[in-house]
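What follows is calculated from the coordinates using simple rules that are stated; it is not laboratory data. Everything quoted here is computed from the prediction, not taken from an experiment. Cβ: placed from backbone, ideal geometry, glycine included. Neighbour counts: every protein chain shown.
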Amino acid sequence: MKTVLVANRGEIARRILRACRQMGMGTVAIYSDADAGALYVQEADQAVRIGPPPVAQSYLQAASIVQAAKEAGADAIHPGYGLLSENAEFARLCVEAGLTFIGPTPEAIRQMGSKVEARAFAKAAGVPIVPGSVGAVATVSDAVAVAQSIGYPVMLKASAGGGGIGMTVAKDDGELEQAFVTSSKRVAAYFGDSTMYVEKYIENPRHIEIQILADQHGHVASLGERECSIQRRHQKVVEEAPSPGLNEETRTAMGQAAVRLASTLGYVGAGTVEFIASGKEFYFLEMNTRLQVEHPITEEVTSVDIVQWQLRIAQGEALSDDVMNARVRGHAIECRLCAEDPVRFLPSPGTISALELPVGDGIRHEIGVQAGDVITPYYDPMFAKLIVYGKTRDEARRKMLEALEGYVVSGVKTNLPLLITIMNSQAFVQGQTHTGFIAALQAQASS
């Protein structure tokens, strides 16, 4: 590969462009009218306008992006995360155009993109899944029958879903019947697929994901786990590596299950296998067939550059012994910086009038903006990630707290107050994190 087009925007585009430059590759950025002056556009060797601000008219225009790559002389496309990164049709278009898609095969994306199909595949691969319907539930009565067999409460989910859209907890037949009707309509409108399935609802579990790298020669490496339990509306807010809540037996078993799933799938590239864990039990949740927002914390504790390895794997390179035998050392925490109301979680678009980033040993920034930039209402409100590394979890937590308190953003509301509250909370200090963490924190504050 000589020239890579990055089919993304913001901080993740900058991250990928940096890796390409470090490997001596040419770079091409794409941009909407709203991003014409963005940092990542300025940093690329070439930049191609892709359309007006709305993502449906720009960053989701698969055929236009492929055409832009060809016209710019790119021979590969990196999809980043979000947008078209898990779109099997986009991957297929890249391959058919003679471009290297820096990610898994279209078939692997399609198979894991259907949560119903992924659950069935995981079960066949010997990976534990949450009790529930292995396949889809076609009718309300089918959903109720499954729920009655496994016991309430249950979680109704969309097979093609993401970001928590369509996920509903039901405590009895009546709630499930109502949820089935409303959620089916909602996910059909969002994803063009109304397929639903039912799982046992496990209250306040830990959300754990295993980072894997797999080459074209059949080698699969596990780079350890990340704890991603602190969420709001099923969107992650704080992540850390390793998890403070796993013992070595569970950690090893989870890593082996992730490798087994990827090997059985014939997976190639970077990916994560996500689990929910309760006590010593863990269950397959889904597989993300792309780079994750929180990949930097794994890089910090393993010294493996995941983005560079995506590029190496796409060129046919075999995983090195350093990757296959990577060990986790120390502790890393990532906080997502979002332009949003820290209480109501509503986006806060506007112009960043001032921006000062904390500096110091073990502090890393992945950021897509600078002072004077506009946070628009068209895209995700996350504009930066703050990552810290420490020899111990407590050192990392203290370093993160100090960095957050030294972070200055003016002109827009941000979630900095929430992140500081999390770092200060006794529950976080003690490693007692779970998916209901923020709700519990808010309830405690209001009592």
* Asked: Can you tell which of R49, R14, R9, R18 is surrounded by fewer than 20 Cβ atoms within 10 Å (Cβ to Cβ) and closer than 19 Å to Y81 by Cβ?
  -> R18
* To do: Working only within the stretch 51-83, note down all residues that are farther than 23 Å from A19 by Cα, among the aliphatic types (A, V, I, L, M) and either in contact with a strand residue (DSSP E or B) (Cβ under 7 Å, 6 or more places away or on another chain) or in contact (Cβ under 8 Å) with a residue 40 or more places away in the chain (or both).
  => V55
* Asked: So, of the residues in the stretch 100-138 that are among the aliphatic types (A, V, I, L, M), outside any helix (DSSP H, G or I) and touching a residue at least 60 places away in the same chain (Cβ under 8 Å), which turns out to be surrounded by the fewest Cβ atoms within 10 Å (Cβ to Cβ)?
  -> A125
* Residue match in the stretch 233-243 (condition: basic (K, R) and surrounded by fewer than 17 Cβ atoms within 10 Å (Cβ to Cβ)) -> yes
* To do: Tell me, yes or no, whether the stretch 407-416 has at least one residue that is in a helix (DSSP H, G or I) and either among the polar types (S, T, N, Q) or surrounded by fewer than 19 Cβ atoms within 10 Å (Cβ to Cβ) (or both).
  => yes
* Asked: For the stretch 367-401, how many residues meet the condition of being assigned to a strand (DSSP E or B) and of a type outside the set (K, R)?
  -> 11
* Might you let me know whether the stretch 323-334 holds any residue that is under 20 Å from G37 (Cα atoms), in a loop (DSSP other than H, G, I, E, B) and in contact with a strand residue (DSSP E or B) (Cβ under 6 Å, 6 or more places away or on another chain)? => no
* Restricting attention to the stretch 195-228, and to residues there that are small (G, A, S) and touching a residue at least 40 places away in the same chain (Cβ under 8 Å), which single residue is nearest to A439 (Cα to Cα)? -> G224
* **In the stretch 244-274, residue nearest to Q292 (Cα to Cα) [restricted to those that are crowded, with 16+ Cβ neighbours inside 10 Å and hydroxyl-bearing (S, T, Y)]** => T272
* Structure fact -> A careful count of residues in the stretch 21-42 that are crowded, with 21+ Cβ neighbours inside 10 Å and part of a loop (DSSP other than H, G, I, E, B) gives 1
